[in-house]
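To start, the structure itself, in structure tokens.
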Protein chains: 4
Amino acid sequence: MSQRRPDRFHIARETDQPEPLAGWRLRLNDIIFGAESPAGKAFDIALIIAILISVMAVMLETVGTVQHQHGGWLVRLEWFFTLAFTLEYGLRLLCVRHPWRYATSFFGVVDLLSIIPTYLSLLIPGVNSLLVIRVLRILRVFRVLKLFRYLNEAEMLLQAMRTGYRKILVFLYAVLTLVIVFGSIMYLIEGPDNGFSSIPRSVYWAIVTLTTVGYGDIAPVTAIGQFIASAVMITGYAIIAVPTGIYTAELANQIRIKRDSRGCPGCGKTGHELDADFCRFCGESLQTGHD
Amino acid sequence: MSQRRPDRFHIARETDQPEPLAGWRLRLNDIIFGAESPAGKAFDIALIIAILISVMAVMLETVGTVQHQHGGWLVRLEWFFTLAFTLEYGLRLLCVRHPWRYATSFFGVVDLLSIIPTYLSLLIPGVNSLLVIRVLRILRVFRVLKLFRYLNEAEMLLQAMRTGYRKILVFLYAVLTLVIVFGSIMYLIEGPDNGFSSIPRSVYWAIVTLTTVGYGDIAPVTAIGQFIASAVMITGYAIIAVPTGIYTAELANQIRIKRDSRGCPGCGKTGHELDADFCRFCGESLQTGHD
Amino acid sequence: MSQRRPDRFHIARETDQPEPLAGWRLRLNDIIFGAESPAGKAFDIALIIAILISVMAVMLETVGTVQHQHGGWLVRLEWFFTLAFTLEYGLRLLCVRHPWRYATSFFGVVDLLSIIPTYLSLLIPGVNSLLVIRVLRILRVFRVLKLFRYLNEAEMLLQAMRTGYRKILVFLYAVLTLVIVFGSIMYLIEGPDNGFSSIPRSVYWAIVTLTTVGYGDIAPVTAIGQFIASAVMITGYAIIAVPTGIYTAELANQIRIKRDSRGCPGCGKTGHELDADFCRFCGESLQTGHD
Amino acid sequence: MSQRRPDRFHIARETDQPEPLAGWRLRLNDIIFGAESPAGKAFDIALIIAILISVMAVMLETVGTVQHQHGGWLVRLEWFFTLAFTLEYGLRLLCVRHPWRYATSFFGVVDLLSIIPTYLSLLIPGVNSLLVIRVLRILRVFRVLKLFRYLNEAEMLLQAMRTGYRKILVFLYAVLTLVIVFGSIMYLIEGPDNGFSSIPRSVYWAIVTLTTVGYGDIAPVTAIGQFIASAVMITGYAIIAVPTGIYTAELANQIRIKRDSRGCPGCGKTGHELDADFCRFCGESLQTGHD
């Protein structure tokens, strides 16, 4: 029962414990923050659809031909959704116990960031600044991260990432060292005439090659350059095994631990291995709890 | 045993239980739907060869030089196979107990879709519509999906996909969020002058980069754009570990479950290898429990 | 002791059981076919070096500048190695018990194919035919496959491939279906004007994209084409998990089985799981053989 | 215990056992080589920041625009770090028991190589030689490899690589054979007119394709060439499963071994999870066996 480990996806939920809220605020909280009641579920589905449409609209606005023909109602659509999301943001602030905690939580900030850009585009006109605003608008998509709450699987995937975190950092460091060294060597060998105009640009080429992306905008021309490039490619092809190995091993571990839903009759803790006969935390026999 | 879990690849088979069928319909059913009798096996092999040849013919018809020289007999070949498959479709309808169930099953629909396009090409002439027909013709290939019936392995691969289904959806959502955010940022940074002409096109670039495909038709030109592109590449290179990890863990689980199914008659323990004749825990013979 | 499963890498060795061979033929056999004696080991190492040099020479001969400057001694080098390998081939035939069995074994054929091309280049001069000969020469590299004999690991890697063989075939069939369907759709959408000039060429593009190679020689231009291409890329990025999952699961199984070197005191068979107390083949207790 | 297996990352540490060192040398050793004391930790962090800045400076120096504007202080920065690292190298030699052992250890050589290039650039002026020096400068990054000492995880990743070493060599040999054979075939089929100007260049293309990099600088043009290229791509896409499978299996084994090390004082069984306090087989406390 002492399993209350910090869980970033539930921070917003923690602020809206139903007890102190009453009347319409409680009902509103159930609808807006909850997904258990029919109304709450309907609200969440409507919200996701609204977000998808508004993101689509923002994206289409940047397409020349579409903007030319339908620019008018795309702008109106954008304003409609911005006002709707603003109203929703206000209601959220109203119906939680600790508005400030919500406002400073991850999703509170995302909720705010997903309505500000449209208002900002009124205050600061001009082409360049407008472009900056457009990309901020896309952050609205992050709201859909709430979907994660519905999917227990996401937590398992993230948990596997967290436990393998340090191994992945070591791997990234090794990759960075490799691309800097290989990039510098290629800068020396190929030189500015063949597109390797500086070490940073050569490092960019090394990343493009090691990750097996291979745009072809910069490609080795000399025989020795192609030989070293081959070495980089085979290295990249082989070491992709490392993150995959780390993640697979951690996830398999996670699935194995998860599978074990039995609670110990002594201390109540879960996460025993399937063939365990005694609790690994208190030594109590698990036989009685056996299914 | 009581292992009759629903299996979508056997729906068609379920409709043709041999009891109520008699005489030539029963024999025909054995040949067309069955693969156990020599005639049934020969029929299936002939069918696969016919499908491969007809798909090849449809594909070659679109090659300019081939169409010019051999267009005549390619059309005749197409008509021959269409008529043969139509006859086969009719016989299938004749020899199953519930023709409607077959016609609405997955393979019933595929069987029908693989003969319609040729007839449609008679009714609706014209270049554009013909092109639409050509691609429908290729659906005929789906018929070969029946090969799956022979391979128990396919069921295991699909089962591992089904159990990991929700994890993969979460992963796809994360990938989509990443490419939309990265695409928008690159649209802002590189802009229409460097090929990033709209957010959808920039998102397309982000997908090309994140999946490590890297056509090079759109590639970052500015230093900051190349820096962000490097981040996208390394992200893509690292998170490929996630689907691989999910699938490997699920498949290993699937293989383990397959081994686990037999219980020892002596001690009741499971987890024996598939070729084991004796229990590895108590030495009891496993023969009686053998299926 | 009844473990004599067919092993293709030992076919040549089977033909040279030492008993019936005597005198210099026995010693020669030990040197040429064996790797246990110092002379045999030296011979093998010399052979590998000779093969590497001759392959390098054949490759360099095709490089314009090198061929111009050093063409003379490259040809002489090629003839030297061809004659040396011919002598070796003759000695191999002399010192095995069943020369015909050797000659028709995998390595016997490879040994012959690695000397024929040079002689053929004398009989059939001419530019085009010479080109054919050059590529046959490279088959000489296959000889080095004998290295596999020294590495027990290779057998494990191949065994994992053999057990996962059917799963991989199913996967390849699914991939082929996908690229044919996607290729046909793209042929329709993009058309000959954007490089998708025929279905086979569009299928080639689909393979380039699905495997995340992405040359960029053919790339979608239309918006809908780029959308479908994105679907192909994400599919390719996700389903790479399937062969990896298959192979990892099979190899982990292989390593687990391999680790079990205990022989059963009853029937002598090995390959028991580490926690097995009784032989799974004869039911005998394994406790006495426990280390 | 008797767990003192040879560990190459601790060679430098072995030379500075604290007993024979006294006074300021002992304290200096703790600061420079150790990371346990606050001063040692501060020194290590300062060193990493200095290395990152100096590497950045060397990289920026090769960018045309930056070099033009800030070339002066970039050179001064380089000299400042070179002198600082020289001082540090001298202090390291002073405070270890066996200076020669340190100087010839891996990190001793790296420390020296990371200061020499700047001095060399004084002795040997000239454009070409300067370029050679620049790339040697980047070796300074290798110093950061010391980071590995702080991360126990790196050792596990490397251990998994060491145990899978021979399997990976076999795999690399198979890959090399494949690219030489496929490269030669493509040289024959496509020929110099389509960019396949020699076998080495065709082998380079085969590596670019098999590793799924796919620059597109050389791409097949003929139908048969595209067919073989497709085979290479699918091969590359499928056999990436091999290194991943090897590494994942070895790493999972490594993680398992880490768990396995403690034996229960009650029943002697191993394989407890790292955070277990009680044996899962007999319920005995594991605290006494805790390290």
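The values are calculated or read from the model by the stated rules, or taken from the named source; none is laboratory data. Because the structure is a prediction, the values reported are computed rather than measured. Here Cβ is always computed from backbone atoms with ideal geometry, including for glycine, and neighbour counts include all displayed protein chains. Quick note on the areas: whole protein, heavy atoms, side chains included, nothing else; ligands and nucleic acids left out. Shrake-Rupley method; radii C 1.70, N 1.55, O 1.52, S 1.80 Å.
Output ³J(HN,Hα) for segment B:181-193: one whole-Hz value per residue in order, computed from phi by the Karplus curve 6.51 cos²θ - 1.76 cosθ + 1.60 with θ = phi - 60°, and x for Gly and Pro.
5, 5, x, 5, 4, 5, 4, 5, 6, 7, x, x, 5
Which ³J(HN,Hα) values, rounded to whole Hz and listed in residue order, are derived for segment D:77-89 from phi using the Karplus coefficients 6.51, -1.76 and 1.60 in 6.51 cos²θ - 1.76 cosθ + 1.60 with θ = phi - 60°, glycine and proline given as x?
Values per residue, Gly and Pro as x: 4, 4, 5, 4, 5, 4, 5, 4, 5, 5, 4, 4, 4 Hz.
With a 1.4 Å probe and all protein chains kept in place, how do B:MET156, B:MET161, D:MET56 rank by accessible area, largest first? Display every interim value, and only then the final one.
Values: B:MET156 25, B:MET161 70, D:MET56 110 Å².
Per-residue accessible area, sorted high to low, gives D:MET56, B:MET161, B:MET156.
What FRET efficiency comes out for B:ALA231 versus A:ALA39 if R0 is 41 angstrom and r is the Cβ-Cβ distance? Round to the nearest 0.05. List each step's numbers first, then the result.
Working: r = 41 Å, r/R0 = 1.01.
Calculated transfer efficiency: 0.50.
What spacing in nm lies between the two simple spin-label points modelled at A:LEU26 and B:VAL75, each 7 Å away from Cα in the Cβ direction?
7.8
Tell me, what ³J(HN,Hα) does each residue in segment B:102-111 have, in order and in whole Hz, if you take phi through Karplus 6.51 cos²θ - 1.76 cosθ + 1.60 with θ = phi - 60° and put x for Gly and Pro?
5, 4, 9, 6, 3, 6, x, 5, 4, 4
I need the calculated FRET efficiency for the pair B:HIS98 and B:LEU120, taking r as the beta carbon distance and R₀ as 25 Å, to the nearest 0.05. Mind dumping the intermediate values first?
Values: r = 27 Å, r/R0 = 1.10.
The computed FRET efficiency comes out at 0.35.
My understanding is that a pair violates if its Cα-Cα distance is over 29 Å; which of C:LYS167/D:LYS167; A:LYS41/A:LYS167; A:LYS167/C:LYS167 do that in this structure?
Going by Cα-Cα distance, A:LYS41/A:LYS167; A:LYS167/C:LYS167 fall outside the 29 Å limit.
May I ask you to derive the FRET efficiency for D:ALA223 and C:ILE48 from their Cβ-Cβ distance with R0 = 51 Å, giving the value to the nearest 0.05?
Once the sixth-power term is evaluated, E becomes 0.85.
For a quick check: with amide H placed at 1.01 Å from N, whose amide H comes under 5 Å from D:GLY214's, ignoring anything fewer than 5 positions away on the same chain?
The answer is D:THR209.
Under 1.5 on a/c is rounded, so check that first for segment C:161-260, then, if it is not, pick prolate when a/b is larger than b/c and oblate when it is not; a ≥ b ≥ c are the square roots of the alpha carbon gyration tensor eigenvalues.
Prolate shape, in that a/c is at least 1.5 and a/b is the bigger ratio.
Using only protein heavy atoms and a 1.4 angstrom probe, determine the accessible area buried between A and D, summed over both sides, in Å² to the nearest 100.
The A and D chains share an interface burying roughly 4900 Å².
At what distance in nm do the modelled label points of B:LEU113 and D:TYR173 sit from each other, each positioned 7 Å from its Cα along Cα→Cβ?
Modelled inter-label distance: 4.8 nm.
Where does each of A:ASP193, B:ASP217 land when they are ordered by accessible area, with a 1.4 Å probe and the largest first?
My answer, sorted largest first, is A:ASP193, B:ASP217.
So how much accessible area does D:THR62 have, in Å² to the nearest 10, using a 1.4 Å probe?
10
For segment A:26-109, which GluC sites (Glu not before Pro) pass both filters: DSSP loop (anything but H, G, I, E, B) and at most 11 other C-beta atoms within 10 Å?
Listed in order of number, the matching sites are A:GLU36.
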